[in-house]
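Contents: one structure, followed by commentary.
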Amino acid sequence: MHNINRRGFLKGALYSAGGLVLGTSTLARAAEGFAVAKPTDVHLLTSDAAADASFGAGVQLGLPIYQSVTRHQAGTMELLGTMNRLLQQQRPMRLIGLVDDASAELLTATARRLGARMSWLARHSADRHQVRHSAIEGDTSQFDGASQLWAVHLGHQLAGARNSNSLNLPQSLRLEGRFVSFVIEV
Amino acid sequence: MSEQTSTVLPKGVTASEFNTAVEKFRALLGDDNVLVRNDQLTPYKKVMMPRDAAENAPSAAVTATTVEQVQGVVRICNEHKIPVWTISTGNNFGYGSAAPVERGQVVLDLKKMNRIISVDAELGTALVEPGVTYQQLYDYLEENDIPLMLSFSAPSAIAGPLGNTMDRGVGYTPYGEHFLMQCGMEVVLANGDVYRTGMGSVEGDNAWQVFKWGYGPTLDGMFTQANYGICTKMGFWLMPRPPVTKPFEIKFEDETDIADIVEFIRPLRLAQVIPNSVVIAGTLWEAATCDTRRVHYTTEPGATPDEILKQIQKDKDLGAWNVYACLYGTPEQVEVNFNIVKGALKQLGKGKLVTEEEAGGTQPFDYRAKLMTGVPNLQEFGLYNWRGGGGSMWFAPVSQARGSECDKQYALAKDILNKHGLDYVGEFIVGWRDMHHVIDVLYDRSNDEERKRAEACFNELLDEFEKRGYAVYRVNTQFQDRVAQSYGSTKRRLEHTLKRALDPNNILAPGKSGIDLNNDF
Ligand SMILES: Cc1cc2nc3c(=O)[nH]c(=O)nc-3n(C[C@H](O)[C@H](O)[C@H](O)COP(=O)(O)OP(=O)(O)OC[C@H]3O[C@@H](n4cnc5c(N)ncnc54)[C@H](O)[C@@H]3O)c2cc1C
């Protein structure tokens, strides 16, 4: 899967679908809270549809209104090909991802080989009973990790927004499974 | 998130001493080749062992592009007593990945030294630098229409012949015992000398890649799985690509079949009827490599029950054991050998033979066939999604190629793994007369309780196997000192004597294979 979403477009779609409601105060705060305001390309990499939906929603909500995101949801080999292609373009970009363990090993190895900077790398494990996070690089206490909606909050934070506590989100964005999140900047 | 500089230091080195060394690295290699920021070091910190990742965190990573630069790095390390951990392609997953054995070591990443120096199509030899990947070599052979075939480890596309052989890794063709096929090495010693093994020291010689032994002591093996030098070039042999390759599989229904399988394979392997490193893979290994996840069958913690394993076997049309082998040669040779295999199988009276045509491009047959015929792929990474959570340690005891031995090892390993709530995900790789019994101890690294269990499990595997006279051929960096103990103190004393003589400042990868002058030897 490969498409480009403009945040404005997404916002409209979310409101019209009536599924996802974002409090105005939060939106305002998110909009002013970009940690990185550089005009770089942003790519979202996920290894399944559920991760794309929940983590992807968080990332899009966390990005500035003018920032476009290219979404790549695919299996391991395709993601690896995408990452190789993107990192070899040698222009500024941010790759934000939530992927399975097999993909994570290969993507991390690729980042090392190509000398990309990995400012965030963490493991996540969520089931009906509990959610766990462990960071290799980064601080997982900075987002609402205990929530079943952890993936949205994580995406929101990794996109650069400061605070996602008051996001009002539908339970359909819950995510279970074992994942690795990362941010790569070139 | 992290734009900061790493605060990790090498053991016993002050911050100012370290900073001086870093400045010298910069002068030698250029700023871009000296990595000290956290976000540059992240990929060097991702480990799969149970201990805290901080214990393997590097203080810096440097990349060199020439032998002279490697000598320069060694000189600076000696001046400031900085320990340096060398990687080539750096994809040693399950054995320590790209992280150093001890916290604070500087990683010397040789990924940029990636020239294919020569390939001799007639003699079937190659000479490469450390950063060359199998994929790169494969592409080179294809582009230049050179009819030679590679043998590689399963992470073939991204791993490389030099690093894999330095760790004595294995592949799946007739050249699958990689160190056996290595011929000629160039090594930078701790004193900065550049030493060539075999014929490589003879002025004007052209037999470096064809005759291993040279004259006098032959030292190649001493540098593998060791810390006596930094390998900067390696020669090895490549198999002529035969006119016909015929990969096939034999599926066996019951886990108790393992002894019979080994007795059936050994004579065929010894007589070179089946010339390649045959694999005998268990159900879970094969299922995981084609995207079967545990969560599809159960969300209960602990070892996966046998009924579920049987269900997976049925759903995925797998054997309890899945034997993969390949025949190579002219059509006539292959036909003769295939008839011998079929005859032996008929005598055995069990096992379902599957040919490439019958498998029809399905997994796992397809990737197994590629591994046996020298086509790189990454299919086997599916193993990491079986349980998920990023924990993986190879437990790799060696055994005789004897049915009774494999039976004993399999039962013991499965018992211990299950007792600790983990699964037997294993295979046997049939060497000439030995078996590499390779088990992937998979666990959720984000779960502290499971991490502790996996650690206890690995210790128990080592202990119980040792009590029965078995030891592993290779292990991840957390357990290297422990495994060195299995091989006894005489060997360790000798290894430390050599270390003292060759590397008195203890700068080259101290701790690799348990060799470290800080040990009490
Ligand atoms: C799914 C999967 C399947 C695997 N299957 C196999 C398999 O079939 N066979 C197998 O052997 N392994 C296998 N592995 C383990 C491992 O990934 C491979 O062995 C891989 O080839 C090692 O990494 P590398 O080739 O990049 O070598 P590197 O990581 O570069 O090197 C390996 C080690 O050798 C030493 N070393 C490297 N370069 C030098 C040097 N220049 N001088 C001195 N010492 C050096 C270092 O200690 C280093 O840690 C598998 C891993 C995975 C994830």
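Can you pull the mean other chain C-beta count within 10 Å for peptide B:445-455?
Taking the mean over all residues of the peptide, I get 3.
Which is farthest toward the positive dipole end of the stretch B:15-109 among B:Gln71, B:Val84, B:Ala99, measuring Cα position about the Cα centre, with Cβ charges +1 (Lys, Arg) and -1 (Asp, Glu)?
Value: B:Ala99.
Counting partner chain Cβ atoms within 10 Å of every residue's Cβ in B:378-386, what's the average? Show your work: numbers first, answer last.
On the way: counts 6, 3, 1, 10, 4, 3, 10, 9, 2.
Per residue, the average neighbour count from other chains is 5.
Quantify how strongly other chains surround peptide A:129-141 by giving the mean number of their Cβ atoms within 10 Å of each of its Cβ atoms. It would help to have the intermediate numbers written out before the result.
Numbers: counts 1, 1, 1, 6, 1, 10, 2, 10, 10, 5, 2, 1, 0.
Mean partner shielding for this stretch: 4.
What does a probe at B:Glu300 reach in the stretch B:417-457, counting residues whose amide N is under 18 Å from the point 7 Å along Cα→Cβ?
Residues passing the 18 Å test: B:417-424.
Ratio of the stretch B:222-298's C-alpha Rg to 2.2 N^0.38 Å, to two decimals? Show your work: numbers first, answer last.
Working: Rg = 18.8 Å, N = 77, 2.2 N^0.38 = 11.5 Å.
Compared with the compact-globule rule of thumb, the stretch B:222-298 sits at 1.64.
Here are some pairs, B:Lys46/B:Lys233; B:Lys212/B:Lys342; B:Lys212/B:Lys512; B:Lys342/B:Lys467; which of them have Cα atoms lying more than 32 Å apart in this structure?
On the way: B:Lys46/B:Lys233 27 Å; B:Lys212/B:Lys342 37 Å; B:Lys212/B:Lys512 25 Å; B:Lys342/B:Lys467 39 Å.
Listed pairs above 32 Å: B:Lys212/B:Lys342; B:Lys342/B:Lys467.
Roughly how tilted is helix B:331-348, in degrees to the nearest 10 and between 0 and 90, from the longest Cα axis of chain B?
70
Could you tell me the relative contact order of chain B? Use alpha-carbon pairs under 8 Å, at least six residues apart, and round to a whole percent.
16
Please list B:Lys499, B:Lys11, B:Lys346 from largest to smallest accessible area, probe radius 1.4 Å, with all protein chains kept in place.
On the way: B:Lys499 0, B:Lys11 135, B:Lys346 170 Å².
From most accessible down to least: B:Lys346, B:Lys11, B:Lys499.
Could you tell me the relative contact order of the stretch B:46-172? Use alpha-carbon pairs under 8 Å, at least six residues apart, and round to a whole percent.
Normalised by residue count, the contact order of the stretch B:46-172 is 24 percent.
For the stretch A:41-185, take every pair of Cα atoms, bin their distances at 5 Å starting from 0, and report each bin as a whole percent.
Using 5 Å bins, I get a P(r) of 2, 10, 22, 25, 22, 12, 5, 1, 0 for the stretch A:41-185.
Taking a 1.4 Å probe, which of B:Thr66, B:Thr490 shows the most accessible area, and what order do the others take after it?
Working: B:Thr66 50, B:Thr490 100 Å².
So the residues, ranked largest to smallest area, are B:Thr490, B:Thr66.
So what's the angle, to the nearest 10 degrees on a 0 to 90 scale, between helix B:448-467 and the longest Cα principal axis of chain B?
Value to nearest ten degrees: 80.
If you keep only loop residues by DSSP, which GluC sites (Glu not before Pro) in the stretch B:1-52 have at most 12 other Cβ atoms within 10 Å of their Cβ? Walk me through the numbers on the way to the answer.
Details: sites: B:Glu3, B:Glu17, B:Glu23; in loops: B:Glu3.
Listed in order of number, the matching sites are B:Glu3.
Can you compute the equivalent ellipsoid semi-axes for chain B, i.e. the square root of 5 times each eigenvalue of the Cα gyration tensor, sorted largest first and rounded to whole Å? Could the numbers behind the result be given before it?
On the way: eigenvalues 285, 163, 85 Å².
They are 38, 29, 21 Å, listed from largest to smallest.
Mean separation of Cα pairs under 8 Å and 6+ residues apart, divided by the residue count of the stretch B:116-240: what relative contact order is that in percent?
Details: 242 pairs, mean separation 38.0, N = 125.
Reported relative contact order: 30 percent.
Once the Cα gyration tensor of the protein assembly as shown is diagonalised, what are the square roots of 5 times its eigenvalues, in whole Å and ordered largest first, as equivalent ellipsoid semi-axes?
Details: eigenvalues 328, 221, 117 Å².
Computed over the protein assembly as shown, the values are 40, 33, 24 Å.
May I have the extent of the alpha carbons of the stretch B:116-240 along their three principal axes, as whole Å values ordered from largest to smallest?
Taking max minus min along each principal axis of the Cα atoms, the stretch B:116-240 gives 38, 29, 23 Å.
Using each residue's phi in the stretch B:197-212, evaluate 6.51 cos²θ - 1.76 cosθ + 1.60 at θ = phi - 60° and report the 3J(HN,Hα) Karplus result to the nearest Hz, with x for Gly and Pro.
So the Karplus estimates, Gly and Pro as x, are 7, x, 7, x, 8, 8, 4, x, 5, 10, 9, 4, 8, 10, 10, 6 Hz.
What is the Cα centroid distance between the stretch B:486-521 and the stretch B:71-116, reported in whole angstrom?
18
How long is the gain from B:Glu142 to B:Leu498 if the chain were fully straight, where each residue apart is worth 0.36 nm and the alpha carbon distance is subtracted? All intermediate terms of the calculation are to be shown ahead of the outcome.
On the way: separation 356, 0.36 × 356 = 128.16 nm, distance 4.25 nm.
Extending this stretch completely gives an extra 123.9 nm.
Using the Cα centre of the stretch A:40-186 as origin and beta-carbon charges of +1 (Lys, Arg) and -1 (Asp, Glu), tell me which of A:Asn168, A:Met77, A:Thr40 is placed farthest towards the positive end of the dipole.
A:Thr40
Let me cross-check B:Val67: its accessible surface, 1.4 Å probe, with only protein heavy atoms counted, in Å² to the nearest 10?
Estimated to the nearest 10 Å², B:Val67 gives 20 Å².
Using DSSP to define loop residues, name the GluC sites (Glu not before Pro) in the stretch B:79-184 whose beta-carbon has at most 11 other beta-carbon atoms within 10 Å. Don't skip to the answer; put the middle values down first.
Details: sites: B:Glu79, B:Glu102, B:Glu122, B:Glu142, B:Glu143, B:Glu177; in loops: B:Glu102, B:Glu122.
Qualifying residues, ordered by number: B:Glu122.
Angle between the Cα long axis of helix B:403-419 and the longest principal axis of chain B, 0 to 90 degrees, nearest 10?
70
What figure in square angstrom, to the nearest 10, would you give for the accessible area of B:Leu284 with a 1.4 Å probe?
Accessible area, nearest 10 Å²: 10 Å².
Whole angstrom only: what separates the Cα centroid of the stretch B:204-225 from the Cα centroid of the stretch A:107-168?
The distance from the Cα centre of the stretch B:204-225 to that of the stretch A:107-168 comes to 50 Å.
Working with all protein chains in place, sort B:Trp237, B:Trp432 by solvent-accessible area computed with a 1.4 Å probe, largest first. Spell out each step's value before the answer.
Values: B:Trp237 75, B:Trp432 100 Å².
Accessible-area ranking of B:Trp237, B:Trp432, largest first: B:Trp432, B:Trp237.
The values are calculated or read from the model by the stated rules, or taken from the named source; none is laboratory data. Keep in mind the model is a prediction, meaning the values are calculated, not measured. Heads up, the Cβs are rebuilt from the backbone with ideal geometry, glycines too, and the neighbour counts pull from every protein chain shown. These area figures cover heavy atoms from the full protein model, side chains too; ligands, DNA and RNA do not enter into them. Shrake-Rupley method; radii C 1.70, N 1.55, O 1.52, S 1.80 Å.
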